[in-house]
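Readers should treat all values here as calculations from the given coordinates under stated rules, not as data from a laboratory. Note that the structure is predicted; figures quoted are calculated from it, not measured. Here the Cβ positions follow ideal geometry from the backbone for every residue, glycine too, while neighbour counts run over all protein chains shown.
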Amino acid sequence: MLGLELYGIKLLGLNPANGRKLLATLVALAVIWGGSRLLHWIIRAAVPKDTRTAFWARQLISIAALAITVLLVASIWFTDPARATTVLGLFTAGLAFALQRVVTSAAGYLMILRGDMFNVGDRIKMGGVRGDVIRIGFIQTTIMEMGQPPAEQSEAPGMWVEARQYSGRIVSISNAQIFDEPVYNYTRDFPYLWEEMHIGIAFAADRARAERILLDAASRHALKDQDIAAEGLRELQRRYFMKGAGIEPRVYMRITDNWVELSVRFVVDLERVREVKDAMSRDILDALGAAGIGIASTTYEIVGVPELTVRVPATPPPDARRV
């Protein structure tokens, strides 16, 4: 028996059996690590890097390597089932108490793996961050952040990009967030958005002409193939209890205190929201200008002033002559 003692207290015991177990553990870890590296190399060589197949293949290899490591180490060190059960129970209780958020994040990872929430490449909003999922890890999900439309600029975190385009920031979010906050998925079942543009015109303007201009712009630049969106909507209604929704562009009218607001509603591909709204804005401005229809705004217009009469005396007063 070999051992390390301090003031007569044995701190660490080492015998041939434990030495063989330690050696077997090191060999097993080396084999598992080398095998996982080899499988990762095969995946990189056989599958394009930026694909979901490659991502989930790497995830499967990592999970399998972790499971095999736990099983082999437990098999090497705990040959007595009763002892293994006791140690496992104590370890689990301590882990659950000390690493509550980590355990919750790992549980969130298992929920995400089911595919019911989001996948790599999906556009989501999670933990207050909107963007495209570029990585899903055991503990964190990594998102390429996107900007927010002006109507949502007041939301945290601060944002300087006023559209759904990349800001350049890569954000890591704990997987535990799926249990605390809603997760918004923009692409999972219906990769299109219903968008709206709001324009105000004067009460005396040609409202019918303005409505035709908005509809023409939406028909030219919104989703070209309406059948694609309609088929996706039918599939959405088949899978979920969802009522029907219109696909064709439509203009809604609302009376305000200052003008008539026209809202054009249309379906657009998720990846082309800003480009479509830019092209529509240019066409609408040109068409409204050609039709002589101005866009109303919160300004003041002086429509008339009272007549002002100034009378100048013909001769100065007596006091002024003496001076």
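R239 to W56: FRET efficiency via 1/(1 + (r/R0)^6), r the Cβ-Cβ distance, R0 22 Å, to the nearest 0.05?
Numbers: r = 22 Å, r/R0 = 1.00.
E between R239 and W56, to the nearest 0.05, is 0.50.
Per 10 Å bin, what is the whole-percent P(r) computed from every C-alpha pair distance within the stretch 192-291?
P(r) over the stretch 192-291, rounded to whole percents: 15, 43, 28, 12, 2.
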